[in-house]
Amino acid sequence: MPTTLQSIVFPLDQDPDVLPLYADAETWSKIGSRHVRLSENAHIDNVLSRSSSRVRSGQRVSFASYFNAFPAAYWQRWTVVDSVRLTLRTSGPGTVIVYRSNAGGVQQRVDSRKVSGSVESVFELPLTSFSDGGWYWFDLIASTEDMVLEAGNWSADATPVVTGKLSLGMTTYNKPDYCVATLANIAENPALLEGIDRIFLVDQGTRKVRDEAGYDAVAERLGDKLQVIEQGNLGGSGGFSRSMAETLEREDSDFLLLLDDDVEFETESALRALQFGRFSREPVIVGGHMFDLLDKPVIHAWAEVVRPDPFMWGPSFEEQHRHDFRKRNLRQTKWMHARLDSDYNGWWMCMIPKKIIAEIGLSLPVFIKWDDAEYGLRARAAGYRTVSLPGVALWHVSWLDKDDSQDWQAFFHTRNRIIAGLLHSDRPRSGKLMQNSSRQDLKKLLNMQYYAVQLAVDGMRSVLRGPAGLHDDISRDMPEARARAKDFPETRVYRPGDTDTPVAVGGRALPLLEKPTDYPTGLGLGLFTARMLPRHWRRNSAEAEQRAPELEYSKRDALWWRIPHHSSVIVGAADGSGKMWYRHDRAKFRRLLREAQGLSRQIEKDWDRLAAEYRAALPQMTSVEEWRKTFDGR
């Protein structure tokens, strides 16, 4: 009996914004460099159920879409499946056309069939010519009456390599409402429940999930598949490591799917990840993509890598970043047809085979930031790759309205990046990592973001202390970083109604309606730095002496190469909740500049010694035994 690899699914919440992820309008045209939709045949009102959709008489709808096309290149490259079967149940008169693409995004017709009445159409499709990229999909064309797609799936006759079930690991800190919604979503999918062995909900917050409205009902539905674990706040690395440790004890689990808490979950994605893992020739980490929860057709990135010289994460090329499927769907996006390889996948949704966990250990004890990237690099060094699989995704709260490089998380950004580099960089004396990190600190100093630089300094000191204290410090690092804020007045947010909100004497800067073109690069960047550094070093001012900001900027207009020209500005908070006052302080600027540059040079000088220490400590740091001590409060 064939095994379903991927079901044809549709959204049930009547949200027209997400429809382009499931179905595509039939007619597009290219005008200059823009793709323009000429018809709107796919309409949310035509969605009839989770598995069915209508095509109106005389219209055509393509299912060359993120969730319903079949990513053939990924299945050919990584799995034992050498052919796939497309099965469609339709009613009404019309035509089914099957297409494929190559790595360059060229559309090629494969097969077609006239249908009428209630009929099942089956297409046998080889997976033999997709080594560099390509998809399969189908279009439906209704004739003189409406045509209905009753159900459909992509399946295979191949024998899976492993047959074990899936455990889920959710880590949460004070987001019980999201967690209950995700559990309810899972409970409503019988096929997914059949594939789940255990759900580990690791609750590290003060607002307990068990106290949330609706929890008791969903817990009763899930029964013994749900296990809530309450522990102290050890961050994402501590919560996900707990799930890893517990999964190693589950005889029926072959995989662990990590899920963030503040998400909406496309449950079909978990089934697809599970099947991909079962059919993979060798164990692979299967990552899910992240869509923006507040702008649902927008994807964060397709395939992420760590660039070796600066040792910095990011999409493998810029066009992936925040791609909007309303504007360009699969057929209109050539790069999306190439098979793109990843170094790691974010732990908002990431499935790790138990075999890999058993071999390479649990997460680094680093609270948050870089734990997922480091794990992907560690797995790759052990011979295991990460596949960010198209069609596997969830919606996550956007980072656009946050700036965690300037809040308490700046400590973890700096420290954990350097630790990951010490463990995995093959560049002598850090390559350009420390140079790049120092440049970021300098940029923040010139923008009067002293708190963030203080935390970077603290992070570098932590690196130099070595790996021995990471487990001991994991529960203290975050509170200590947050406590630092009291000494840095720029961290205060002035909210509407505050009577002491500073008013800029120069008023509000005009908003930038066009993308700025005066971004300093190359020689211009060097000249800019040469001018600004001495100016800030000599400028004789202190925070306490500043009475009023010179100018007010919105957050998006507070460009890092413009703010240094001022000694006092007020800038909108990233989340829009109020205003923050940045003031030059010569004492802080000089102290932090000396400390940041001195520590950076020290790490670079001691790079080889530190790398040897951290690499030697890695097996013990990431072992179940060491983590169990931390779970138990050491």
- Would it be correct to say that Gly152 is surrounded by 21 or more Cβ atoms within 10 Å (Cβ to Cβ), at pLDDT 95 or above and within 30 Å of Val122 (Cβ to Cβ)? yes
- Task: Say whether the condition of being surrounded by fewer than 17 Cβ atoms within 10 Å (Cβ to Cβ), closer than 19 Å to Gly239 by Cα and at pLDDT 95 or above is met by at least one residue in region 367-388.
- Result: no
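When the residues of region 590-631 are narrowed to those that are of a type outside the set (D, E, K, R) and outside any helix (DSSP H, G or I), which ends up surrounded by the fewest Cβ atoms within 10 Å (Cβ to Cβ)? Quick ask: steps written out before the conclusion?
Within region 590-631, the subset of a type outside the set (D, E, K, R) is 592-593, 596-600, 602-603, 607, 610-612, 614, 616-624, 627, 630-631.
Going one step further and asking which of them are outside any helix (DSSP H, G or I), we end up with 622-623.
Working: Thr622: 22, Ser623: 14.
Per the stated criteria, the residue is Ser623.
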- Query: How many of the residues in region 478-505 are small (Gly, Ala, Ser) and either surrounded by 12 or more Cβ atoms within 10 Å (Cβ to Cβ) or touching a residue at least 60 places away in the same chain (Cβ under 8 Å) (or both)?
  - Reply: 3
- Note on the structure: Residue hits (region 520-567; of a type in the set (Gly, Ala, Ser) and closer than 30 Å to Thr501 by Cβ) are Ser541, Ala542, Ala544, Ala548, Ser554, Ala558, Ser567
- Message: Being of a type in the set (Val, Ile, Thr) and at pLDDT 95 or above: is that true of Val397 here?
- Response: no
- Task: Take Pro353 and decide whether it is in contact with a His (Cβ under 7 Å, 6 or more places away or on another chain), at pLDDT 95 or above and outside the structural domain of Trp75 (by TED's automatic domain parsing).
- Result: no
- Just for region 335-364: of the residues that are acidic (Asp, Glu) and in a loop (DSSP other than H, G, I, E, B), which one is farthest from the chain's Cα centre (by Cα)? Asp341
- Run Val463 past the list (1) farther than 26 Å from Glu374 by Cβ; (2) not assigned by TED's automatic domain parsing to the domain that holds Gln275 and report the number of the one that doesn't hold. (1)
- Keeping to region 300-314, report how many residues are assigned to a strand (DSSP E or B) and out of contact with any strand residue (DSSP E or B) (no Cβ under 6 Å at 6 or more places or on another chain). 4
- Item | Tally of residues being among the β-branched types (Val, Ile, Thr), part of a strand (DSSP E or B) and touching a Phe, Trp or Tyr at 6+ places or on another chain (Cβ under 9 Å) across region 127-174 | 2
- Message: Please pick out the residue among Met244, Met290 that is more than 21 Å from Gly361 (Cα to Cα), modelled with pLDDT of 95 or more and assigned by TED's automatic domain parsing to the domain that holds Thr182.
- Response: Met290
- Looking at region 588-597, is at least one residue hydrophobic (A, V, I, L, M, F, W, C), over 16 Å from Gln406 (Cα atoms) and without any contact (Cβ under 8 Å) to a residue 40 or more places away in the chain? no
- Task: Six or more apart or on different chains, Cβ under 6 Å: which pairs go from a residue in region 345-357 that's closer than 20 Å to Arg250 by Cα to one that's assigned to a strand (DSSP E or B) and aromatic (Phe, Trp, Tyr)? Could you list them?
- Result: Met351/Phe255; Pro353/Phe255
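Looking at region 528-546, is at least one residue in a helix (DSSP H, G or I) and in contact with a Gly (Cβ under 9 Å, 6 or more places away or on another chain)?
So in region 528-546, the residues in a helix (DSSP H, G or I) come out as 528-538, 543-545.
Next cut, in contact with a Gly (Cβ under 9 Å, 6 or more places away or on another chain) only: none.
No: zero hits.
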- Query: Would you pick out the residues in region 506-518 that are at pLDDT below 85 and either surrounded by 12 or more Cβ atoms within 10 Å (Cβ to Cβ) or outside any loop (DSSP other than H, G, I, E, B) (or both)?
  - Reply: Ala509, Leu512
- Spot the failing condition for Asp324; the list is (1) acidic (Asp, Glu); (2) surrounded by fewer than 24 Cβ atoms within 10 Å (Cβ to Cβ); (3) within 23 Å of Arg77 (Cβ to Cβ), and only one is missed. (3)
- Message: Just to verify a result, which residue in region 99-124, among those that are under 32 Å from the mean Cα position of the chain (by Cα) and either in a loop (DSSP other than H, G, I, E, B) or not polar (S, T, N, Q) (or both), is surrounded by the most Cβ atoms within 10 Å (Cβ to Cβ)?
- Response: Arg100
- Task: Look through region 403-412, keep the residues that are modelled with pLDDT of 95 or more and touching a Phe, Trp or Tyr at 6+ places or on another chain (Cβ under 8 Å), and return whichever of them is surrounded by the fewest Cβ atoms within 10 Å (Cβ to Cβ).
- Result: Phe412
- Query: Would it be correct to say that Ile356 is in contact with a helix residue (DSSP H, G or I) (Cβ under 8 Å, 6 or more places away or on another chain) and either closer than 30 Å to Pro176 by Cβ or of a type in the set (D, E, K, R) (or both)?
  - Reply: no
- Would you check if His396 is under 28 Å from Gly134 (Cα atoms) and of a type outside the set (A, V, I, L, M)? yes
- Query: Within region 428-445, is there a residue that is crowded, with 21+ Cβ neighbours inside 10 Å and farther than 28 Å from Ala587 by Cβ?
  - Reply: yes
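Taking Asn329, is it buried (at least 24 other Cβ atoms within 10 Å of the Cβ), over 14 Å from the mean Cα position of the chain (by Cα) and not β-branched (Val, Ile, Thr)? Break it down into steps so the answer makes sense when it comes.
On the way: buried (at least 24 other Cβ atoms within 10 Å of the Cβ): yes; over 14 Å from the mean Cα position of the chain (by Cα): yes; not β-branched (Val, Ile, Thr): yes.
So Asn329 fits the description; yes.
When you check Met336 against the structure, is it in contact with a strand residue (DSSP E or B) (Cβ under 9 Å, 6 or more places away or on another chain), closer than 20 Å to Leu166 by Cβ and of a type in the set (A, V, I, L, M), yes or no?
On the way: in contact with a strand residue (DSSP E or B) (Cβ under 9 Å, 6 or more places away or on another chain): yes; closer than 20 Å to Leu166 by Cβ: no; of a type in the set (A, V, I, L, M): yes.
Criteria not met by Met336.
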- Query: in contact with a strand residue (DSSP E or B) (Cβ under 7 Å, 6 or more places away or on another chain), buried (at least 17 other Cβ atoms within 10 Å of the Cβ) and in a loop (DSSP other than H, G, I, E, B): does that describe Ala73?
  - Reply: no
- Message: Step by step: first the residues of region 315-334, then only those that are under 20 Å from Ala103 (Cα atoms) and assigned to a strand (DSSP E or B), then the one that is modelled with the lowest pLDDT. Which residue is that?
- Response: Pro315
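The values are calculated or read from the model by the stated rules, or taken from the named source; none is laboratory data. Note that the structure is predicted; figures quoted are calculated from it, not measured. In this analysis, Cβ positions are derived from the backbone assuming ideal geometry, glycine residues included, and neighbour counts consider all displayed protein chains.
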